[in-house]
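Q: Questions regarding the structure given below will be posed in turn.
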There are 2 protein chains.
Amino acid sequence: MHKLARLGMFAIAATLGAASAAHAQFAKPEDAIRYRQSVMFLQAQHLGRIGAMVKGARPYDKDVAVANAQVLEQLARLPWQAFGAGTDQGGQTRALPAIWKDTAKFEGEQKKLMDNTSALLKAAQTGDLGALKQAFGPVAQTCKSCHDDFRKD
Amino acid sequence: MHKLARLGMFAIAATLGAASAAHAQFAKPEDAIRYRQSVMFLQAQHLGRIGAMVKGARPYDKDVAVANAQVLEQLARLPWQAFGAGTDQGGQTRALPAIWKDTAKFEGEQKKLMDNTSALLKAAQTGDLGALKQAFGPVAQTCKSCHDDFRKD
């Protein structure tokens, strides 16, 4: 399938999640909480692997960079569906009330992560470590700024 | 990017994980355990959404089926890298020793899941609920047979 079509499908999934019946997709709030935490744990692992190359802790390998960037691009679309109404409690969560109050800002962070991981994948595909470094920063920065505003310390 | 190229990238990621230095990708065995459990939780959620349509608990929606099948196809490639040597303990895990003893059989189950989720995606794309039902069974069955042999009750 064409890449844009694939992205479109994920956009549909993300929209379904964000806009309607998101919480209803999960049997209970606890599942939604575990879902988004699972995605974010995977994101941290895969971003860490690219980070290790960017920081020189591991040798640069284009294939490894692309494979991890690809997973990150897909994962970036997933967690938002799990922040539906009623999922601010029901399990151990560090989600702050701001998520459900400042929705526009939270959705802005979501879009930033999706855009920045797409850019990271493109950078990885060039095979240029400099380009990878440049695209890595904005992804890591988006994790941080979103956590600063929307996650308990 | 062409779909086969994308699949190729994931195949590379899977091979990297399965064949070499898999455990070394994780800072500690606990992370590997959490990684594979995170992936499998996501798999259960996304398969459950297709299952709900297959069983008639939710109205059939082609776009929802495709979006979830697409996530499942990608996720099917991920958990295996997290079963490296030394990850049989170090966290709460139900992984059985058979994983590291009967490697060929375990890898056979991995391949079955990857093949069956690819088939599920193709079936979802047809827009035919009958085709979706037919492709759903083998995926659910692979989860079960792998858990029967390789996961504690």
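The values are calculated or read from the model by the stated rules, or taken from the named source; none is laboratory data. What you are looking at is a predicted structure, and each value in this text was computed from that prediction instead of being measured. Neighbour counts run over all protein chains shown; Cβ positions are idealised from the backbone, glycine included. Ligands, DNA and RNA are excluded from the accessible area calculation, which covers all protein heavy atoms including side chains. Shrake-Rupley method; radii C 1.70, N 1.55, O 1.52, S 1.80 Å.
Q: Can you list residue pairs whose Cβ atoms sit under 7 Å apart, with the first residue in region A:126-153 being within 28 Å of A:THR103 (Cβ to Cβ) and modelled with pLDDT of 95 or more and the second being of a type in the set (Ser, Thr, Tyr) and open to solvent by less than 40 Å² (accessible area, probe 1.4 Å)? Count only pairs 6 or more apart in sequence or on different chains.
A: Cβ pairs passing all conditions: A:VAL139/A:THR117.
Q: Further, regarding this structure: Here are some conditions: (1) within 9 Å of chain A (Cβ to nearest Cβ); (2) open to solvent by 20 Å² or more (accessible area, probe 1.4 Å). B:PRO59 meets all but one. Which one does it not meet?
A: Against the list (1) within 9 Å of chain A (Cβ to nearest Cβ); (2) open to solvent by 20 Å² or more (accessible area, probe 1.4 Å), B:PRO59 comes up short only on (1).
Q: Within region B:125-138, is even one residue closer than 27 Å to A:ASN68 by Cα, out of contact with any Phe, Trp or Tyr (no Cβ under 8 Å at 6 or more places or on another chain) and within 14 Å of chain A (Cβ to nearest Cβ)?
A: Taking every residue of region B:125-138 in turn, at least one turns out to be closer than 27 Å to A:ASN68 by Cα, out of contact with any Phe, Trp or Tyr (no Cβ under 8 Å at 6 or more places or on another chain) and within 14 Å of chain A (Cβ to nearest Cβ).
Q: Hey, can you tell me all the residues within region A:121-144 that are surrounded by 14 or more Cβ atoms within 10 Å (Cβ to Cβ) and polar (S, T, N, Q)?
A: Of everything in region A:121-144, those that are surrounded by 14 or more Cβ atoms within 10 Å (Cβ to Cβ) and polar (S, T, N, Q) turn out to be A:GLN125, A:THR126, A:GLN134, A:THR142.
Q: Shifting gears a bit: Out of all the residues in region B:28-56, which are among the small types (Gly, Ala, Ser), facing another protein chain (nearest Cβ under 10 Å) and either crowded, with 21+ Cβ neighbours inside 10 Å or in a loop (DSSP other than H, G, I, E, B) (or both)?
A: Scanning region B:28-56 gives B:ALA32, B:SER38.
Q: Considering (1) closer than 16 Å to B:ARG77 by Cβ; (2) modelled with pLDDT of 95 or more, say which one B:LEU7 fails and leave the rest.
A: Among (1) closer than 16 Å to B:ARG77 by Cβ; (2) modelled with pLDDT of 95 or more, B:LEU7 violates only (2).
Q: On the given criteria, is B:ASP102 without any contact (Cβ under 8 Å) to a residue 60 or more places away in the chain and more than 22 Å from B:GLN81 (Cβ to Cβ)?
A: Here the answer is no, as B:ASP102 does not meet what is asked.
Q: Inspect all residues belonging to region A:110-130 and state whether any of them is in contact with a Leu (Cβ under 6 Å, 6 or more places away or on another chain) and not small (Gly, Ala, Ser).
A: yes
Q: Oh, and also: Based on this model, can you work out whether B:THR117 counts as farther than 22 Å from A:ASN68 by Cβ and of a type in the set (Val, Ile, Thr)?
A: When the stated conditions are applied, B:THR117 does not pass them.
Q: Moving on to the next point. Taking region B:63-113 as the search range and keeping residues that are more than 14 Å from chain A (Cβ to nearest Cβ) and acidic (Asp, Glu), which one is farthest from A:ARG49 (Cα to Cα)?
A: B:ASP102
Q: Evaluate region A:107-120: report whether one residue or more is surrounded by fewer than 16 Cβ atoms within 10 Å (Cβ to Cβ), touching a helix residue (DSSP H, G or I) at 6+ places or on another chain (Cβ under 9 Å) and without any contact (Cβ under 8 Å) to a residue 12 or more places away in the chain.
A: Checked against the condition, which is being surrounded by fewer than 16 Cβ atoms within 10 Å (Cβ to Cβ), touching a helix residue (DSSP H, G or I) at 6+ places or on another chain (Cβ under 9 Å) and without any contact (Cβ under 8 Å) to a residue 12 or more places away in the chain, region A:107-120 yields at least one hit.
Q: Hey, any hits in region A:57-75 for a residue that's among the aliphatic types (A, V, I, L, M), part of a loop (DSSP other than H, G, I, E, B) and free of Cβ contacts under 8 Å to residues at least 12 places away in the same chain?
A: Within region A:57-75 (the criterion being among the aliphatic types (A, V, I, L, M), part of a loop (DSSP other than H, G, I, E, B) and free of Cβ contacts under 8 Å to residues at least 12 places away in the same chain), the answer is yes, since at least one residue qualifies.
Q: Is it fair to say A:LEU96 is surrounded by 21 or more Cβ atoms within 10 Å (Cβ to Cβ) and touching a helix residue (DSSP H, G or I) at 6+ places or on another chain (Cβ under 6 Å)?
A: No; evaluated as a whole, the condition is false for this residue.
Q: Of the residues that sit in region B:79-93 and are among the hydrophobic types (A, V, I, L, M, F, W, C) and open to solvent by 10 Å² or more (accessible area, probe 1.4 Å), which one is nearest to A:GLN70 (Cα to Cα)?
A: Restricting to residues being among the hydrophobic types (A, V, I, L, M, F, W, C) and open to solvent by 10 Å² or more (accessible area, probe 1.4 Å), the top hit is B:TRP80.
Q: Shifting gears a bit: Is it the case that B:ALA44 is modelled with pLDDT under 55 and hydrophobic (A, V, I, L, M, F, W, C)?
A: Considered against the rule, which asks whether it is modelled with pLDDT under 55 and hydrophobic (A, V, I, L, M, F, W, C), B:ALA44 comes out as no.
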